[in-house]
Amino acid sequence: CGSTSRAAPSTPRLNGRLINLLRRSPQRCRLWLRPTPLQAMGTGVCCMQKRLDSSIDWVADVNVFTAEGVAAPVGHGKPQMARSLPSCAPSGALASSRCGPGDCGDGDGLSAEIAWQIAADRKQQVYEAASLLPVLYDVRPPEWDEAPHTGTAIHRKTQATRGLASFQKPQGVSAQERLHSYIDSLQHLSANSEAVAKVFEVFEDYMHVHLLLEHCTGGTVYERILERQYFTEQESAVLVKHILQALLAFHDKHLYHGCLTPDSFRFLSDSPHAPLKLVDFGIELKVHRWDAVENLNIGPDLQNPQCPQFFETCRLVFFAPEIAPPHQPKRKTGKGNVPVPMAADAQDWQVNCAWRVEDVGEGHDLLDGDLLADVIDEHADWVDEQQQDVACDYGRKFAAADVWSVGAIAFLLLCGYPPFFAPSRNTILARIHRGEISFDPPFWSKISEEAKSFVTGCLQQSCWDRPSVHAALAHPWIQRLADSSPSGSMFTSFMLNLRRFYRTSLIETYVANMLANKFRHEDMHDFLIRCREVDMCSTGFFTASDLKHVLAALGHNRIAEAISDRFLKTFRHPGESYIDYVALLDSIYLRQQRLFEEELWRHFQRVCQSTGRGTQEHAGRIGIGELVAFFGDPLIMGLLMREIPESAGVEEAVVSQRLQNGIRQHCSGRGTAHLEFRGLAALLLKLVRSYALPKDVIGFLGRAEREHLDSISTVL
């Protein structure tokens, strides 16, 4: 269940047909078997169970009919590549050719059919079914302070270790084609570039695509620098040059990342001379944008990516203004009411407002003139920007976004803190969109003017004013590797600043991953209330020590202790780490939604296989008649009941029946008898999280959320 046409190539079918052909005329053909093109490129070097997944690359002593219908022998004692055969005939079945097996002699027809079947097989993408991934590899999840979509995979027989990157596929057909094209380009690029981690294998199903990458064990840029006793400007220039060289290979192939951070790179090994490799390809952001462009009316918001890294301040600070979400002006409130976490599904959830819902009191003007003016101005700017994109090179814009990120990384490597950094996400966005940078004298007094010139050029506000990667590599600071900089190491403050910033980024990721697994939906409301109580000045952020106290008060002592043991003590130095708890809640929500969808998908596959629908034809769909079996599964109901507040006091049987009624009504209104899994997951998440909310929570909800609850109650 869940396999697709790309995940299950036509090799077994092709081999079976060729075997039948050879049985009819074995003396006419001599076949050489060799691994598939991806295996030859290195994508399957560690797979021992390729089953029948071998394809025929070489054919000799076979008469192949050209487009003119003249029989021409292929090979006389010397094998020739079968991938040159598509030029001999139009693409497609043999029946469309001028001379088929029925028109010509039996032997000649068999030769042509074999050749054209090989040519057709060469056009198939060799993506394995995702169900084979745990069969071939021992998949290990990431550490708690690592990105949730990463991991490692150890081959069960050879013990070869690969990096694992997993992503949800876009929903639209066109967007999925773009994803496949992007991955194909990555495979060819990584096979020929030493600066990009190699993409060895690709697994996919209806929901996900999994990349097996070259395993880089040398650590991040942060870790390599913090292991040193001192760090010089010349070494910063060397690192930036390696980053630019990795991007150069990307941009030369018309590929762009879009959201580079220092975590996007890893050293290949612990060796002092190990190469720095690009291990993150920005796929998650691209999936979001492709879905948004393909579904302009009902898809996600193009300007507000629903990606966790956009709610982690230590990652957001590296994103260009054309990639970062727009700055949201703070709304005026009549009573100062606190927002409450009430989120809808991915289709109508606005990431910047998920935890900022205002309670509209009596006498409060529903039409905020300042907000309306800001929205109109932003829309006008957006229209102008889209017109520029149409008139100019669209790829140039995203190439310039990568250059901006390189400039921000270079800024960090020169002073220990990134540009535009602030304790709150909203302030960071405001600074990014203003684009004002300053070289503070205490930290930049020992930095050369050439370095400042390089950073200033990369961080130009207009994407059209930034240099290309080629021009950045030709900058004197990169060419001469900062030979004009003052000798000796940087100030002691550089290491202190970098250690503090790195500690904050680890705490953000660790706490978001842990709480996404621990929190129920109502726990997020309690967490927000506690944070508001600690934040006496309503700034939206507090220190990591305050976060420890909040977690301990909510009963999460182990997480609070881990923050001290793993981060505060390990990275001990003067200064506090500040956490934007509003952005943290957004990040937790996104992770929870992803975890819910992935667990539901695993159970969905299992139920489909048990009911005999685990085939490619029915992958990712469920019929109305199968709802009883679906909701009758105890693991699925257990997952759904965890999303319903305990204070609701409802029985599982009642929830099951009401959810089935809601789904049937949803399908009836759309005139369909089937429901795609993505739509099913979004609908279930909306229904269970809006089911019988406590009255004290409803009292805090804004007008839009109360209307949403009314509509859900009507459906139920």
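Below is a table of values for the structure above.
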| quantity | calculated |
| --- | --- |
| Scope segment 174-183; condition in contact (Cβ under 8 Å) with a residue 40 or more places away in the chain and open to solvent by 20 Å² or more (accessible area, probe 1.4 Å); matching residues | S174, R178 |
| Those residues of segment 598-616 which are open to solvent by less than 30 Å² (accessible area, probe 1.4 Å), at pLDDT 90 or above and not aromatic (F, W, Y), in sequence order | L600, H603 |
| Residue in segment 518-535 that is assigned to a helix (DSSP H, G or I) and within 24 Å of L498 (Cα to Cα) present | no |
| For L278: the one exception among (1) open to solvent by 10 Å² or more (accessible area, probe 1.4 Å); (2) in contact with a strand residue (DSSP E or B) (Cβ under 7 Å, 6 or more places away or on another chain); (3) not charged (D, E, K, R) | (1) |
| Flag for I283 being within 21 Å of R678 (Cβ to Cβ), open to solvent by less than 10 Å² (accessible area, probe 1.4 Å), β-branched (V, I, T) and at pLDDT 85 or above | yes |
| When residues of segment 455-473 are limited to those that are in contact (Cβ under 8 Å) with a residue 12 or more places away in the chain and closer than 17 Å to A246 by Cβ, the one surrounded by the fewest Cβ atoms within 10 Å (Cβ to Cβ) | H470 |
| N304 of a type in the set (S, T, N, Q), under 17 Å from the mean Cα position of the chain (by Cα), modelled with pLDDT of 50 or more and not in a helix (DSSP H, G or I) | yes |
| Unmet criterion (only one of (1) within 27 Å of E597 (Cβ to Cβ); (2) in contact with a helix residue (DSSP H, G or I) (Cβ under 8 Å, 6 or more places away or on another chain); (3) open to solvent by 20 Å² or more (accessible area, probe 1.4 Å)) for H549 | (1) |
| Residues within segment 481-504 that are buried (at least 19 other Cβ atoms within 10 Å of the Cβ) and touching a Lys or Arg at 6+ places or on another chain (Cβ under 7 Å), tallied | 1 |
| Test: A512 is buried (at least 17 other Cβ atoms within 10 Å of the Cβ), within 28 Å of the chain's Cα centre (by Cα), among the aliphatic types (A, V, I, L, M) and modelled with pLDDT of 90 or more | yes |
| Residue within segment 435-452 that is β-branched (V, I, T) and modelled with pLDDT of 95 or more present | no |
| Some residue of segment 523-540 being open to solvent by less than 30 Å² (accessible area, probe 1.4 Å), touching a residue at least 40 places away in the same chain (Cβ under 8 Å) and of a type in the set (S, T, Y) | no |
| Unmet criterion (only one of (1) among the β-branched types (V, I, T); (2) open to solvent by less than 40 Å² (accessible area, probe 1.4 Å); (3) under 28 Å from R140 (Cα atoms)) for T217 | (2) |
| Meets criteria (open to solvent by 10 Å² or more (accessible area, probe 1.4 Å), modelled with pLDDT under 90 and part of a helix (DSSP H, G or I)) for A562 | yes |
| Hits in segment 311-322 (condition: open to solvent by less than 10 Å² (accessible area, probe 1.4 Å) and touching a Cys at 6+ places or on another chain (Cβ under 6 Å)) | F319 |
| Counted residues, segment 141-155 - those being in contact with a strand residue (DSSP E or B) (Cβ under 7 Å, 6 or more places away or on another chain) and surrounded by 15 or more Cβ atoms within 10 Å (Cβ to Cβ) | 8 |
| Helices (runs of 4 or more DSSP H) completely within segment 617-691 that count 1 or more residues being closer than 23 Å to M207 by Cα, open to solvent by 50 Å² or more (accessible area, probe 1.4 Å) and in contact (Cβ under 8 Å) with a residue 60 or more places away in the chain | 634-642 |
| Residue within segment 545-557 that is assigned to a helix (DSSP H, G or I), at pLDDT 90 or above, closer than 30 Å to S131 by Cα and of a type in the set (K, R) present | no |
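One line per residue, one yes/no per condition, for (1) outside any loop (DSSP other than H, G, I, E, B); (2) out of contact with any helix residue (DSSP H, G or I) (no Cβ under 6 Å at 6 or more places or on another chain):
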| site | (1), (2) |
| --- | --- |
| P423 | no, yes |
| T427 | yes, yes |
| R431 | yes, yes |
| P442 | yes, yes |
| E450 | yes, no |
| S453 | yes, yes |
| G457 | yes, yes |
| A471 | yes, yes |
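Per-residue answers, yes or no, for (1) assigned to a helix (DSSP H, G or I); (2) open to solvent by 10 Å² or more (accessible area, probe 1.4 Å):
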{"residue": "S185", "(1), (2)": "yes, yes"}
{"residue": "A191", "(1), (2)": "yes, yes"}
{"residue": "Y206", "(1), (2)": "no, yes"}
{"residue": "H210", "(1), (2)": "no, yes"}
{"residue": "S236", "(1), (2)": "yes, no"}
{"residue": "Y256", "(1), (2)": "no, yes"}
{"residue": "L260", "(1), (2)": "no, no"}
{"residue": "R266", "(1), (2)": "no, yes"}
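The values are calculated or read from the model by the stated rules, or taken from the named source; none is laboratory data. Quantities reported herein were computed from a predicted structural model and do not represent experimental measurements. Reconstructed Cβ throughout: ideal geometry from the backbone, glycine too, with neighbour counts over all protein chains shown. Only protein heavy atoms, including side chains, enter the accessible area calculation; ligands, DNA and RNA are left aside. Shrake-Rupley method; radii C 1.70, N 1.55, O 1.52, S 1.80 Å.
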